[in-house]
């Protein structure tokens with residue numbers, strides 16, 4: 001028997017960082033993502049967004065690869081957003097890239113609060129600044145000329 005607690009902080013954005021996630025309708029997207037997680041035996045711990053990106057703190061079962069989860073979620077959420085053009089008129093699709101970092105049980109609360117305060121946080125930092133900081137903190141190598149290509 002395996003005993004695991006696999007928590008991921010995941011961030012992804014619409015193509016070209018278009019401000020497609022409308023604040024007035026973001027709760028519809030959040031409810032959809034929560035249902036997706038429940039249907040895939042994942043536990044959504046926290047979700048929040050800005051118009052140009054979304055943050056998810058989620059616990060995945062050990063049988064699910066994070067790449068598969070993000071791939072399937074982006075397809076499903078993209079279909080949901082495209083299916084509601086009256087609420088998300090600027091959405092055309094998700095960018096290929098995404099950030100996924102592991103989060104230990106000791107860091108879970110700190111990351112949860114960070115996600116909860118996104119609107120406050122982004123009064124001072126852009127999406128690009130935020131992702132560069134996350135990558136540096138996690139020790140993830142990247143080439144900036146490819147980082148924000150769609």
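FYI, it's all coordinate maths here, none of it is from the lab. The shown structure was predicted, so the numbers you read here are calculated from the model rather than taken from an experiment. When we count neighbours, we look across all protein chains shown, and the Cβ atoms used for this are built from the backbone with ideal geometry, even at glycine.
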Using 7 Å Cα-to-Cβ label points, what is the residue 116/residue 5 separation (nm, one decimal)? 1.8 nm
Between residue 27 and residue 149, how many nm apart are label points set 7 Å from Cα along the C-beta direction? 4.1 nm
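Using per-residue counts of other Cβ atoms within 10 Å, averaged over each peptide, order 32-41, 4-13 from highest down. Could the numbers behind the result be given before it?
On the way: 32-41: 15.3, 4-13: 18.3.
By packing density, highest mean first, the sequence is 4-13, 32-41.
Under 8 Å for C-alpha pairs, at least 6 residues apart: give me the relative contact order for the chain, rounded to a whole percent.
Working: 206 pairs, mean separation 51.2, N = 150.
The value is 34 percent.
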Peptide ranges 99-112, 50-63 listed from the most packed, as the mean C-beta count within 10 angstrom indicates: 50-63, 99-112
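If you take the Cα Rg of the chain and divide it by 2.2 N^0.38 Å, with N the number of residues, what do you get? Could you put the intermediate results ahead of the total?
Values: Rg = 14.9 Å, N = 150, 2.2 N^0.38 = 14.8 Å.
Here the answer is 1.01, to two decimals.
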With each label point set 7 Å from Cα along the Cα-Cβ vector, what nm distance links residue 65 and residue 43? 2.5 nm
Sorted by average packing, counted as other Cβ atoms within 10 angstrom per residue and highest first, what order do 135-146, 84-95 take? 84-95, 135-146
